[in-house]
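Reviewing the structure listed below.
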Amino acid sequence: GNIHRVVSAVRDIFQALPDVAYEHIFADNCSTDETLPMLRELARTDKRIKIIANARNFGAPRSVFNALLASTGDAAILLAADLEDPPELIPSFIEKWREGNPIVFGIREKRSGSRFIALLRKLYYRVLNAVSDDELLNDAGDFVLIDQQVIEVLRHINHQEPYLRGILTSIGFPYAGINYGMNKRTWGKSKTNPIYLIM
C-alpha cells in the first residue's frame, strides 16, 4: 500500500534537485501480495525504477545489503518503503555528503512504540556497545547515505547476516549524523521480524 506513496515522495524530492540524477531500487523479499506486479508496472513507465525480486524472504538485513550492492550511483540512500523515515531529509543527507562525509546516518531522536520497546532498545545498544570493539551509534538505523567508495569496500565483505550499521562504523570511514523524528506508519502493518524492529 505504500509503493505509490514512496515513489511519488522520492520523485518529488529529486525533481527539486535538478543537478542530481537518481535510480530508485526496490528490494522485494518474496512478497505474497500485489507489491511485485505493482512495481513491475511502475518500472515499465519509469526507467529509473529498478527491482530486485528475491526468490525467497532472505530477511531485512541481507535484502538491504544486497540492494545497496546493486546501486550504481556516486552514493546510495537506504529508505524503507513504509515512509517512517522521512524522505524529506534526502537533500540534507546529500548536503552532508557533499561536505565530505562518505557516510551519513539518520539518528532517530523520536520513535513510535511502547515504553517497553524503548527500554529494550536502550538495553540492546548498551549490551552491543559493551561487547563490540567498535562504537555503535545509538538509534542509527538503516536510513543512511553511503558513498560508492564505501560500497566498494562492502562488496568484499562476505557475511551471512550482515549487520550494516555495525560494519559501517567499523571500516574506518568518517561519518556524520542527522537527527530526526520518525513518522508514524500510515498504511499497512509491518511484517518485519519484531527483533529487527528493536534495532
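Every number in this text was worked out from the coordinates using simple rules, so none of it is lab data. Quantities reported herein were computed from a predicted structural model and do not represent experimental measurements. Positions of Cβ are backbone-derived with ideal geometry, glycine not excepted, and every protein chain shown enters the neighbour counts.
Before moving on, here are some points about what is shown:
- Distances between placed amide hydrogens fall under 5 Å for Ile25 paired with Lys50, all partners being 5 or more residues away or on another chain.
- DSSP-assigned coil residues among GluC sites (Glu not before Pro) in segment 17-74, each with at most 16 further Cβ atoms within 10 Å: Glu23, Glu34
- Qualifying aspartates and glutamates (Cα of each under 13 Å from Cα of Lys50; at least 8 residues distant if same chain): Glu23, Asp28, Glu41
- Whole-Hz couplings from phi, Karplus 6.51/-1.76/1.60, listed for segment 36-47; x for Gly and Pro: 5, x, 5, 5, 5, 5, 5, 5, 5, 9, 9, 5
- Interchain or long-range residues, amide H under 5 Å from Ala75's placed H: Gln148
- The local environment of Asp85, defined by Cβ-Cβ distances under 9 Å, has a net charge of -2 under the rule Lys, Arg +1 and Asp, Glu -1.
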